[in-house]
Amino acid sequence: MVLVYSLAVLGGMGLGAGILLAYASKKFAVKEDEKVGKIESILPGVNCGACGYAGCHAYAEAVASGKAEVNLCKPGGEKVMKEICSIMGKEGVSAEPKVAQRYCNGGRKESKSKFDYEGIETCKAASIINNGFKQCTYSCLGLGDCERSCPVNAITIDENSLPQIDKEKCIGCEKCVIECPRNILHMVPKKSRVHVRCSSKDPGKVVTKVCTIGCIACKLCEKACPFDAIHVIDNLAIIDYDKCKNCTKCAQVCPRKIIEVEPLKKQ
């Protein structure tokens, strides 16, 4: 009898606590701004984090509360920004779209190796062992950390162990840039067509010993540019994309052919 009474009391207490919690959850519930749902519904849903927030929902909450700008969704671009502006009743200025570019052409054929690497097949792991298996300490290791980090499959490693980036697929999330331990990937304006495919800051005489195509800091590109858009800094040609007009004159005079010009997109 005592046991039955005890169970009845405990059951009653549990039921009462449940009712109280249910009432409290409704009474004190924080209603989510309906704008959050509307904004999230027009976001791409990639959850890439390029906006600086944990995912699309977090970004939608930040925009709805006025804590974030309306133009931070890089995958969505201007189209999404305009739709968010319509929801928020405000104007926004679209950010210039950027894509990832590779600043190294030293694949397995061009960049000499120091030893045969047989460890974990990641660039991060390989870079720890004697600063990588390439003689050029700046060159791409080609083990695909960037490829695996891309949420939209915009990167593939080619037969020469170099990442090829499809700029039409690239959403500018910067994940590949963050993952690369050699810092040979950079975000540049999507409209830019001229790129220096080298990251080495070694003197020319060192570069020629370890790579057949690396920049030798000859400054011919610098002299050829009519817009003062390219300069050799720390033994490496650097393009100022704010000044570059895609005239391609620097690429025409480069003796090592490491300044590449992307072909014009076919209409």
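Values for this structure:
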item: Identified option (computed log10 I(q)/I(0) by the Debye sum over Cα atoms at q = 0.11, 0.12, 0.13 Å⁻¹; candidates (1) -0.74, -0.83, -0.93; (2) -0.50, -0.61, -0.72; (3) -0.93, -0.95, -0.99); result: (1)
item: Spatially proximal aspartates and glutamates relative to residue 265 (Cα-Cα < 20 Å; intrachain offsets below 8 disregarded); result: 96, 166, 168
item: Qualifying GluC sites (Glu not before Pro) in region 80-122, DSSP loop, other Cβ atoms within 10 Å at most 15; result: 91, 118, 121
item: Quarter of the Cα convex hull surface for region 125-265, i.e. its orientation-mean projected area (nm²); result: 8.7
item: Accessible-area composition of region 161-267, carbon plus sulfur, in percent [1.4 Å probe]; result: 53
item: FRET efficiency, residue 118 to residue 47 (Cβ-Cβ, R0 35 Å, nearest 0.05); result: 0.50
item: Qualifying aspartates and glutamates (Cα of each under 14 Å from Cα of residue 219; at least 8 residues distant if same chain); result: 228, 234
item: Over 25 Å (Cα to Cα) - which of 112/175; 38/90; 35/82; 79/169; 112/223; 38/175 fall in this group; result: 112/175; 112/223; 38/175
item: Shape box of region 88-205 [Cα atoms, principal axes, largest first, Å]; result: 60, 32, 23
item: Inter-probe distance in nm under a simple model that places probes 7 Å from Cα toward Cβ, at residue 82 and residue 212; result: 4.9
item: Computed Kirkwood radius, in angstrom, where 1/r is averaged over Cα pairs of region 222-267; result: 11.3
item: Cβ-Cβ FRET estimate between residue 164 and residue 201, R0 fixed at 25 Å, reported to 0.05; result: 0.55
item: 3J(HN,Hα) from dihedral phi, region 110-124, Karplus parametrisation 6.51/-1.76/1.60, rounded to Hz, x for glycine, proline; result: 9, 9, 6, 9, 8, 6, 7, 8, 10, x, 4, 7, 9, 5, 5
item: Surface accessible to a 1.4 Å probe, per residue, for the residues of the chain, Å²; result: 59
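The values are calculated or read from the model by the stated rules, or taken from the named source; none is laboratory data. What you see is a predicted model, and the numbers here were worked out from it, not measured in a lab. Virtual Cβ from ideal backbone geometry, glycine too; neighbours counted across all protein chains shown. With ligands, DNA and RNA removed, areas are computed over all heavy atoms of the protein, side chains included. Shrake-Rupley method; radii C 1.70, N 1.55, O 1.52, S 1.80 Å.
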